[in-house]
1. Out of region 40-81, which residues are within 16 Å of the ligand (Cβ to nearest atom) and among the acidic types (Asp, Glu)?
2. Is it true that some residue in region 125-132 is touching a residue at least 12 places away in the same chain (Cβ under 8 Å), among the β-branched types (Val, Ile, Thr) and within 16 Å of the ligand (Cβ to nearest atom)?
3. I'd like to check which strands (runs of 3 or more DSSP E) are fully inside region 1-100 and have at least 3 residues that are surrounded by 24 or more Cβ atoms within 10 Å (Cβ to Cβ) and not acidic (Asp, Glu).
4. Tally the residues that are basic (Lys, Arg) and at pLDDT below 95, restricting the search to region 252-301.
5. Go through region 53-74 and count every residue that is small (Gly, Ala, Ser) and at pLDDT below 95.
6. Just for strands (runs of 3 or more DSSP E) wholly inside region 258-314: which have at least 2 residues that are touching a Leu at 6+ places or on another chain (Cβ under 6 Å) and under 20 Å from Gly47 (Cα atoms)?
7. Quickly run through region 278-310 and pick out the residues that are open to solvent by 40 Å² or more (accessible area, probe 1.4 Å) and either closer than 20 Å to Thr224 by Cβ or free of Cβ contacts under 8 Å to residues at least 12 places away in the same chain (or both).
8. List the residue pairs whose Cβ atoms are under 7 Å apart, where the first residue sits in region 223-252 and is away from the ligand (no atom under 11 Å from the Cβ), the second is of a type in the set (D, E, K, R), and the two are 6 or more positions apart or on different chains.
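The values are calculated or read from the model by the stated rules, or taken from the named source; none is laboratory data. Source: prediction; values computed, not measured. Cβ: placed from backbone, ideal geometry, glycine included. Neighbour counts: every protein chain shown. Accessible surface is based on the protein model in full, side chains and every heavy atom, while ligands, DNA and RNA are left aside. Shrake-Rupley method; radii C 1.70, N 1.55, O 1.52, S 1.80 Å.
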Amino acid sequence: MPPIQLTTVPPHGAFSLAVHGGAGPLRDGPERAVAQAAGLRAALAAGDAVLAARGSALDAVCAAVAVLEDDEAFNAGRGAALTVDGTAELDACVCDGAAAQAGAVAASRFARHPVLAARAVMERTPHVLMAGPGPDWLDAVGLERVDPSWFVTPARLAALRAGTSDPTAPAVPAGLTEPRVGHGTVGAVARDAAGRLAAATSTGGVTGQWAGRIGDTPVVGAGTWADERVAVSGTGIGEYFLRAALAHDVAARVRWTGAGLADAVRDAIADDLVVPGGDGGVIAAAADGTLVLAHCSQAMLRGHLGPAGPVVVA
Ligand code: GLY
């Protein structure tokens, strides 16, 4: 059973913020690791600016995740993992714990920032989850749209083709039936100065996933959750999070057993990921501002605000 690595960050100010940049095997070179650390710091700075101005936790997690969606070093927005067909199908979710509201998009192809599209679903529609909102809908809600090719980067195409030694092979590697594990889903959790909690998660899914596959990220309670007690954002192989409703499992353990956040996170990862053979991690925030960052994968890119500014652990 892989060990669970867990960090607890006690409350240290008026607000709290943590981000993740994905979980999985440690395989990126030093250059990419530097870029990822810089990306996490930029995301923390964006969220910090919102919270320091007494902005909401919801605004902060959206600001942080939007920064990571624009960063090719992560599996979200531009530079996201590609489907077996070589397309980017993006999933995102936001949860506003104080308002008990959520919004999500699945297989989004046109929204430059899927996290903002998810927020628009929450705030501008009577719905919670929309599949692939199209250009007309994005125009109607005033969100920036891009051509789907904008998300596809040479690095991600190379990753998709890595299963074959033939450089002229089509994007679909012969015989690929199982998605390869991706690395880099992004997310944020925050508690603002008014005590409100929020979570946001955004991803391209896993490299080589079947077109149309939807992971845990946009499913409220699986990859993303927030209520008045906890906010949770997950990263890892989405099927395991979906089968266990992992993010909600953390919240349920806090609510119904009275567990502290760290115990709830550790036990949920153990039961929902480790036992069935899954891989990944979560970041979580509690109502008192405590942050917990934990994973059972080899690595999880993560960072949080500390008393002396952003702290990043890559
Ligand atoms: N956790 C991201 C995904 O599996 O889609």
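1. Of region 40-81, the ones within 16 Å of the ligand (Cβ to nearest atom) are 65, 68-69, 74-77, 79-81.
The answer is Glu69, and nothing else.
2. Looking for residues that are touching a residue at least 12 places away in the same chain (Cβ under 8 Å), among the β-branched types (Val, Ile, Thr) and within 16 Å of the ligand (Cβ to nearest atom), one finds none in region 125-132, hence no.
3. 16-24, 90-96
4. So the answer is 0.
5. Quick first cut of region 53-74, residues small (Gly, Ala, Ser) only: 53, 55-57, 60, 63-64, 66, 73.
Retained after the next criterion (residues that are at pLDDT below 95): 73.
Here the count works out to 1.
6. Strands (runs of 3 or more DSSP E) meeting the threshold: 280-286, 299-306, 309-313.
7. Ala287, Ala308
8. Pairs that qualify, where the first residue is away from the ligand (no atom under 11 Å from the Cβ) and the partner is of a type in the set (D, E, K, R), are Ala226/Asp96; Arg229/Arg255; Ala244/Asp272; Asp249/Asp272; Ala251/Asp227; Ala251/Arg229.
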